[in-house]
Amino acid sequence: MKLVKLLFLGLLITSCASVNREGHIKVTKGNVYEACYRENPKTILVVPPINHTKMTRATNALLADLIPRIQQKGYNVLPLPASWKAIEAQGLSSMTMNHENLPLREFYEAFGADVVLLIDIHEAAKDFTSEQEGVWAAVSYNLVSTESEQNLWFQSKSIFVSTTILTEGDTLGDAIISSIFSSISTASTSQLKLIQKINKETVQDLPAGFYSPKNGIDDTEIVYVLPEY
Amino acid sequence: MKNRILILGMALTLLYSCSSTKKLYSFPSDYESAYYKHLKGNSDSYARVLQEMFRDIRNQENAKIPPGLYAEYGFILLAQGHKNRAQIYFDKEIQEYPENSYFIHLKLQQHEAR
């Protein structure tokens, strides 16, 4: 009987609880993304991501997984690739190439974007030196206000995924991924799993958007951020 | 008996605390793969998926199409030269999400200037 009670108590405490990630501090979304709650952006323009890696398909695979997640979070994402063609037609391509000196005022006035989303894929290489073969990737996401030019939300993820584990186990995960991305035959499963993992973790930390029923009331949710943020 | 109630309680707690909240929109299972192809420049399967979404939404109470998707379909039609049909979807987009009127007008201006 005591054991059952103990189990019940343990379950209450630990069920689905967030695990403190090493090196990160525990804060509320409201504290760390105060400007995002204040501005409450509705419409996102995704500036063409910068991919510093050799994984040329990573950008589109990342976006194909990320954009529906952001929409589910309650944000209005301007259509892709129509937005990129519009940027090009406006003669703004060179200004968006390195994500510096962005024409934020024009994005606000002509595109109707409240924020721009900047994505950088920093590194991703096969690591044969470790015991298990795997993939490294570091992706940063940055939401910048087109009105105040303030940085409203920032995330950086770096994850190592073992391809050995992926090929030998976790068959359910692989089955889910292959059903979702069944037609991306040229992109490896390990890449997709990595991308999905990064995007899922990232979007969890994003404040609920304008169209979400949780908009403005999820500021007490706990997130883990790097101390310097 | 008490044990059974406690076990039931545990099961319900686990189910409640781990259950995912209701999703805002309903994306079909082949959405991401079609969207991936669309991003790479082939919009055929994406156009079909969007058409299915628009059709299915009619039978679902309180269901909504995410912002931008009517416009997406309109841009695909516009690129195929179906300007009048495209306008129907642009109007739907603006009716549901007025904030997207800026972007649609910009795209139409650019299309006319070509």
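The values are calculated or read from the model by the stated rules, or taken from the named source; none is laboratory data. Note that the coordinates shown come from a computational prediction; the quantities given were computed from them, not determined experimentally. Heads up, the Cβs are rebuilt from the backbone with ideal geometry, glycines too, and the neighbour counts pull from every protein chain shown. Calculation scope for accessible area: heavy atoms of the full protein, side chains included, ligands and nucleic acids excluded. Shrake-Rupley method; radii C 1.70, N 1.55, O 1.52, S 1.80 Å.
Exactly one residue among B:LEU6, B:LEU15 is touching a helix residue (DSSP H, G or I) at 6+ places or on another chain (Cβ under 6 Å) and either at pLDDT 65 or above or not small (Gly, Ala, Ser) (or both), and that residue is B:LEU6. Scanning region B:19-34 for residues that are open to solvent by less than 80 Å² (accessible area, probe 1.4 Å) and either modelled with pLDDT under 90 or assigned to a helix (DSSP H, G or I) (or both) turns up B:SER19, B:ASP30, B:TYR31, B:GLU32, B:SER33, B:ALA34. Restricted to region A:78-113, and to residues there that are touching a helix residue (DSSP H, G or I) at 6+ places or on another chain (Cβ under 8 Å), surrounded by fewer than 20 Cβ atoms within 10 Å (Cβ to Cβ) and among the aliphatic types (A, V, I, L, M), the residue that is farthest from A:TRP153 (Cα to Cα) is A:ALA89.
Pairing each residue of region B:37-52 that is within 11 Å of chain A (Cβ to nearest Cβ) and on the phi > 0 side of the Ramachandran plot with any residue that is in a helix (DSSP H, G or I) and open to solvent by 60 Å² or more (accessible area, probe 1.4 Å), provided the two are 6+ apart or on different chains, yields no C-beta distance under 9 Å. Confirm whether A:VAL116 is at pLDDT 95 or above, surrounded by 15 or more Cβ atoms within 10 Å (Cβ to Cβ) and β-branched (Val, Ile, Thr). For A:VAL116, the condition - at pLDDT 95 or above, surrounded by 15 or more Cβ atoms within 10 Å (Cβ to Cβ) and β-branched (Val, Ile, Thr) - is met.
The helices (runs of 4 or more DSSP H) found wholly in region A:124-229 and carrying at least 1 residues that are open to solvent by 20 Å² or more (accessible area, probe 1.4 Å) and modelled with pLDDT of 55 or more occupy A:189-205.
Going residue by residue through region A:15-22, is there one that turns out to be at pLDDT below 90, within 7 Å of another protein chain (Cβ to nearest Cβ) and either touching a helix residue (DSSP H, G or I) at 6+ places or on another chain (Cβ under 6 Å) or open to solvent by 60 Å² or more (accessible area, probe 1.4 Å) (or both)? Yes, some residue in region A:15-22 is at pLDDT below 90, within 7 Å of another protein chain (Cβ to nearest Cβ) and either touching a helix residue (DSSP H, G or I) at 6+ places or on another chain (Cβ under 6 Å) or open to solvent by 60 Å² or more (accessible area, probe 1.4 Å) (or both).
Among residues of region B:64-85 that are more than 10 Å from chain A (Cβ to nearest Cβ) and closer than 18 Å to B:LYS37 by Cα, those with a beta-carbon under 9 Å from a residue that is open to solvent by 20 Å² or more (accessible area, probe 1.4 Å) and of a type in the set (Lys, Arg) at least six positions away or on a different chain give the pairs B:LEU77/B:LYS83; B:LEU77/B:ARG85. The residue of region A:76-100 that is farthest from A:ALA208 (Cα to Cα), among those that are within 9 Å of chain B (Cβ to nearest Cβ) and in contact (Cβ under 8 Å) with a residue 12 or more places away in the chain, is A:GLN90. The C-beta contact set for region A:193-217 (first residue within 16 Å of A:TYR33 (Cβ to Cβ), second residue open to solvent by 60 Å² or more (accessible area, probe 1.4 Å) and outside any helix (DSSP H, G or I), distance under 6 angstrom, 6+ apart or interchain) comprises A:ALA208/A:LYS214.
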